[in-house]
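**Q** Sharing a structure, written as structure tokens. Questions coming.
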Amino acid sequence: METDQLKELKNSVIGDVEQKKRLLGSRDTLASMVEQISPSSLHSRVDTDKLIHSTLIIGSLYTSIKPEASDQRYLNSVLDGVVRRLIETATVCSCQRVQEYLFRCLRNAALYYKSVSTLSITNTTGVDVDCINIDEDASLNAAVQLNTIFLSPHLPNLLKHLKSSNRQLVINTLTLLTAMSDSRQRASVISVDGLFEHLNRYIYCDVLQIQIAALKALGAICKDYAPAVTSFRQVQTKAIPSLTVFFQCKNAQLRLEACTVLVHIVKSQQSDFHRTNGPPTIQLLSTIDRPKALELIEQLIRLLDEKIEIQIPASFILANILSDATDLEDHACKSGILSKLHDIFQTCLQYEEDEYNVEGSKLSENNLRLQEGILMIVAALALHLDELRTLIVDAQLLKAIAVSLQHKAKGIRGSAAQCIRALSRSVGVLRTSLVDSGVELTLLNIISNEEEDERNKVIALMALANLVCGFSPLKQKLIQTGGVKILVKLTYSASHKVRLNTLWAIKNMVFAASTELKRFVCDQIGFTHFRKLLNDSNSEVVEQVLFVLRNLVTRELDINLVCNGFGGQDEFLEVIENKFQTNQVEILLQAAYVINNVATGSDEQKKALLWRPVICSNLQRLLTHWDERVRAAAAWTLRNLTNQIDGQPYRSRIEILTRMRSLEFDKTLAQLSQDHYSVSEPARLALDGMNT
């Protein structure tokens, strides 16, 4: 094509989605433009002009188009080699004006490929994107294209343009960095000499667009990647105080980007100090820079008063940092966040009912995304502390959450389910507001809908598992509403995540339940299916099935119920014995606790255990296991075997104790009495029982 034709095509395509779609159908035209992107086009003015127009046209094709899976394959085929050609041409080009256009096209391509690779993993927006069916091949190709950029030996030459005097070229280069999608790419980028010096300089320059672009690039590099944070802090030793300076700026976008970087810095330090043996409560912000961290939370809350384009990312960033830090959650509530969330949510709901709400429009999609962001904040606030859960209910947010569970957008349904999951951790809230709201029926609708997103099903199952925990009145309600049958059906799911979380809910349902309820659940599942699940290909599923059985066999009558279901006591114990033939700790642990609960039964049930060589030899093995929890489970089993039952015949008790001594359990218990408390306590009790 001639220069004038390319110019005319460029003017018609840029900004016109329909023209772009038509151009995508012209393979030969696109192929000729792709050919134009070459170092050889830099040798004459005419070819250079063609190169510029071609890069502008191709660059525009990567934006504003949401292709179907088949179109993705076609687009990848037609534009194959564009990224490589752009890099090769940019590496040898000496004209900053041409470089600007090359980097604009490369930036657009990178951002497109990042969106494809990210969307193929998970949809984090509140808008249903079922129409965007990400093809697996397209996703793999996207990852390859991004690696071509960020793992390229030419990367240092590309990033040298951060020193350019051309502002737009600098902005395009900085924006390119935001397309990184994994730690390998981040590692490659931070290895480039002088990168953080450039970023630090641009962050504090006097050009607003460059400042924003630099902060976005820094945020992308530091996200979930502590080495990048460490490298930046070596350049900017006072990173946290220096970034909070932006809180005084009038520009909301600048404040937002500064907050984003700060969140990544703070969270990277949290991970360094995170306790491995406790709840994910991060009070350690006080050891970093607590006043600045609290100021960060307040700033993010203020950003929720800005225009919707700022509110959306601010809400997700706020939810991200609050989900890990109980002291920040408390401070956010004291800063008046709950009333603000309620007001924003009501505004969103009113807009949905407005006659001017055009479904599918940018404003409508933003409204949905904001709702999801608000729900994610609520879920984060409800994650740890009962007093905050009570405040959420008092702020009248539960009704909004219940409504959102039925929303047409799957992202909003999933976020609302996250809220219920977090709220249901509280017994107080569970007993009152959640029961009255009837959310369990909506959760059942979510998990029983075959068209529902798998992620939402899993979250809804987690919420249900919390709702039926303990002595919840919802257990009986689930039987009456057909909920148990729905759960049993899901144990046949092809998804191991769905099977796993379904069994988790069933495990909680049968915990401390009546024999009648247990019998009903067992009848619904069927013991043939129990056997199948015990041989599931996923070890976590097997672990949960054993946990279900553990909660079923908690007294003599219930032990008989399960044994009879498996065809008899010997058959049941043989099934459990088979689970000892593994080195997987979690399966061993649950198998041990099944035996432990059987040991609480009648004398006959105790003897059934003690006269099975496989069980006795494995108990001896588990008593010396390297994992403290396994040793404790085996010690508790012996404690229960020695425990005297009311009305127990003297002769029967002597028979049990004699058998245990013949197996030399007393010698092992004597050694364990010096172990950690979780092991030594049951060991001492068992030893006392053997000596009385």
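The values are calculated or read from the model by the stated rules, or taken from the named source; none is laboratory data. Please read all numbers here as calculations on a predicted model, not as lab measurements. Note: ideal-geometry Cβ built from the backbone for every residue, glycine included; neighbour counts use all protein chains shown.
**Q** Condition check: closer than 23 Å to residue 641 by Cα and either more than 34 Å from the chain's Cα centre (by Cα) or hydroxyl-bearing (Ser, Thr, Tyr) (or both). Does residue 562 satisfy that?
**A** yes
**Q** Looking at the stretch 638-692, what helices (runs of 4 or more DSSP H) fall wholly within it and have at least 2 residues that are without any contact (Cβ under 8 Å) to a residue 40 or more places away in the chain and among the basic types (Lys, Arg)?
**A** Working: elements: 650-662, 665-672, 677-690.
Ranges flagged: 650-662.
**Q** Kindly provide the set of residues from the stretch 36-49 that are surrounded by 14 or more Cβ atoms within 10 Å (Cβ to Cβ) and charged (D, E, K, R), ordered by number.
**A** 47, 49
**Q** To continue, here is another question. Identify all residues within the stretch 598-608 that are crowded, with 22+ Cβ neighbours inside 10 Å and not β-branched (Val, Ile, Thr); write none if there are none.
**A** 599, 601, 606
**Q** Separate question: When you look at residue 440, is it closer than 21 Å to residue 372 by Cα and surrounded by fewer than 18 Cβ atoms within 10 Å (Cβ to Cβ), yes or no?
**A** Taking the combined requirement at face value, the residue does not satisfy it.
**Q** Scan the stretch 394-402 and tell me whether some residue there is under 28 Å from residue 532 (Cβ atoms) and modelled with pLDDT of 90 or more.
**A** Let us first name the residues in the stretch 394-402 that are under 28 Å from residue 532 (Cβ atoms), namely none.
Checked against the condition, which is being under 28 Å from residue 532 (Cβ atoms) and modelled with pLDDT of 90 or more, the stretch 394-402 yields no hits at all.
**Q** Exactly one of these conditions fails for residue 218: (1) at pLDDT 90 or above; (2) more than 17 Å from residue 320 (Cβ to Cβ); (3) not small (Gly, Ala, Ser). Give me its number.
**A** Answer for residue 218: the failing condition is (2).
**Q** Enumerate the helices (runs of 4 or more DSSP H) found wholly within the stretch 92-160, keeping only those where 1 or more residues are modelled with pLDDT of 90 or more and among the charged types (D, E, K, R).
**A** So the answer is 96-121.
**Q** If you don't mind, another one. I'm trying to understand the selection: among the residues of the stretch 526-543, which are in a helix (DSSP H, G or I) and either modelled with pLDDT under 95 or of a type outside the set (A, V, I, L, M) (or both)?
**A** Result: 527, 528, 529, 530, 531, 532, 539, 540, 543.
**Q** Can you name every residue in the stretch 675-692 that is buried (at least 20 other Cβ atoms within 10 Å of the Cβ) and under 18 Å from residue 630 (Cβ atoms)?
**A** Residues satisfying the conditions are 679, 682, 683, 686.
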